[in-house]
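Values quoted throughout were computed directly from the atomic coordinates according to the rules given, and no laboratory measurement underlies them. Just so we're clear, the structure is a prediction, and the values are computed from it rather than from any experiment. With ideal geometry, Cβ positions are generated from the backbone for all residues, glycine too; neighbour counts draw on all protein chains shown.
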Amino acid sequence: MALTFNYLIIFLIIFTALAQIWLARRHVAHVTNHRSKVPSPFKDIIKIKDHQKAADYTVAKSNLNVLGLIVEAIFLYLITIGGGIQWINEYLSGYDLTTMIAGTILIVSVLVLSSIVEMPLGLYKTFAIDEKFGFNRMTLGIFISDLIKQSIIALIIGLPVLYFSLWIIGNLGDLWWLWLWIFISAFNFIMLAVYPIFIAPLFNKFEPMKNKTLVSQIEKLLKKCGFESNGLFVMNGSLRSNHGNAYFTGFGKSKRIVFFDTLLEKLNGKEIEAVLAHELGHFHHNHVKKRIILMFVVSFVGLYLLGLLKESAWFYEGLGVTGMTDANALLLFLLVSPLFVFFIRPIMAYYSRLNEFEADEYACQFAKASDLKQSLVKLYRDNASTLTPDPLHSSFYDSHPPALLRIQAIDKR
């Protein structure tokens, strides 16, 4: 059984990497083939130079992503079947550590190694690709500052959560997986309320919106939609990037609406209203609540499966580990489960795109369809998002519908 599982994991590592590389190459070819002409629904707003910039930006990111897929596959093999986790375990066994402390160090070590491996590509994407296409505003100082803050937060919050999770696995009997699910679910609920108030301000400034005319417009829209929030805020997204965005954050009474300053610079008042109406559509259709529930269901199933695998020697041996410890079980499951999730990606992406269509339809009821269309096209242009993605690639990766389909749906309104 262990040998069969070993072969299955090796096959999945190779298959998923090659499949994703193939999808990326298809995407590059499709975008390149449509680079010379702006699709007709966009030709009045998108200039050919902007269309070509988006194509070149997409190709550059996709090519880097291919390299990332190769690195990721090699790292996964080396850290599991290649003996990486086993070596760390043997090294830690030379010290007089409790099982839980050793397990915590093991998991943190692998997470740190993974971050170190991914960091060069992340830096290249930010300081080479984004810089070349005029999106990067991140400095090396800001990058280092962010890294230090993230590390401190991980130590203060992540370490206790990890340690307590291992305690639950080791001390709460056969139903440990259910108690762990309850703990993780409660923690995520708390973080939804805590993050926007205490953590996000460590990285960005959030100031109340000062444009009184725009505030008045937005408040009228919120009242019309029956939505209450904890305030309208402008985030200094321009500190790190020229990309524009808007989002809701928080939960319950801590909900707040956040606009990137870069978004406010690019859209007029009516277009901003239309973007906000789209976001309100997500709340009207309970998309946020449904995604939270879906996340809890997925974690419930995942932890139940881990409960079954934890006592199976073949699970550990097939992944190059001899010790049947709680930390090994949790870590191995977290590492290899994405290999199986790959096959349901199109279903997840399809569901997300349906949500976007519903939010657009809702927005058209409370804002002009023409304003929503105009705002979306401007965002595609200013964020250099390709208007011509490969359909198959999009079905795996895009949480939002392709631009052409989305605009056609709005035009029907």
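State the volume of the convex hull built on the alpha-carbon positions of region 1-152, expressed per residue in Å³ and rounded to an integer.
Spelled out: Cα convex hull of region 1-152, divided by residues, is 164 Å³.
Treating each Cα of the chain as an identical point scatterer and ignoring solvent, apply the Debye formula and state log10 I(q)/I(0) at q = 0.10 Å⁻¹.
The calculated log intensity ratios at q = 0.10 Å⁻¹ are -0.83.
Report the one residue of Ser241, Pro41, Tyr380 whose Cα lies farthest in the direction of the positive end of the charge dipole of the chain (charges on C-beta: Lys and Arg +1, Asp and Glu -1; origin at the Cα centre).
Value computed over the given set: Pro41.
Taking neighbour counts of Cβ atoms within 10 Å as a proxy for exposure, in what order, fewest first, do Asp411, Asp360 appear?
Asp411, Asp360
Rg to Rh for region 268-407: what is it, with Cα atoms only and Rh by Kirkwood?
When Rh is taken as the Kirkwood radius, the ratio is 1.15.
Determine the gain in length on full extension of the stretch Ser312-Leu67; use 0.36 nm per residue of separation and subtract their C-alpha separation, reporting nm with one decimal.
In short, 84.7 nm is gained.
Loop only per DSSP, at most 13 neighbouring Cβ atoms within 10 Å: give me the trypsin sites (Lys or Arg not before Pro) in region 21-127, ordered by residue number.
Answer in residue order: Lys37, Lys43, Lys47.
Most exposed first by the Cβ proxy, i.e. fewest other Cβ within 10 Å, how do His30, His285 rank?
The fewest-first ordering by Cβ neighbours comes to His285, His30.
May I ask you to list the lysines whose Cα is less than 19 Å away from that of Lys53, ignoring any residue fewer than eight positions away on the same chain?
By straight Cα distance, Lys53 reaches Lys37, Lys43, Lys61, Lys125, Lys132, Lys266, Lys378.
What longest range of the chain stays clear of loop-exposed GluC sites (Glu not before Pro) (DSSP non-H/G/I/E/B, at most 12 other C-beta within 10 angstrom)?
Longest gap between qualifying sites, sites excluded: 1-227.
Which helices, counted as full DSSP H runs in the chain, have an axial Cα extent of no less than 15 Å and a Kyte-Doolittle average of 1.0 or above?
Span-like helices, by this rule, are 2-33, 99-124, 140-153, 159-171, 176-194, 287-309, 326-341.
Just rank Thr58, Thr104, Thr213, fewest to most, by other beta-carbon atoms within 10 angstrom.
By the 10 Å Cβ count, ascending, the order reads Thr213, Thr104, Thr58.
When only C-alpha pairs under 8 Å and at least 6 residues apart count, what is the relative contact order of the chain, in percent?
Rounded, it is 25 percent for the chain.
If you average the sequence gap of Cα pairs under 8 Å that are 6 or more apart and divide by the length of region 235-366, what percent do you get for the contact order?
27
Going by Cα centres, region 355-413 and region 301-339 are how many Å apart?
41
What order do you get for 91-98, 298-305, 175-182 when each peptide is scored by the mean count of other beta carbon atoms within 10 Å, highest first?
In descending order of packing, they fall as 175-182, 298-305, 91-98.
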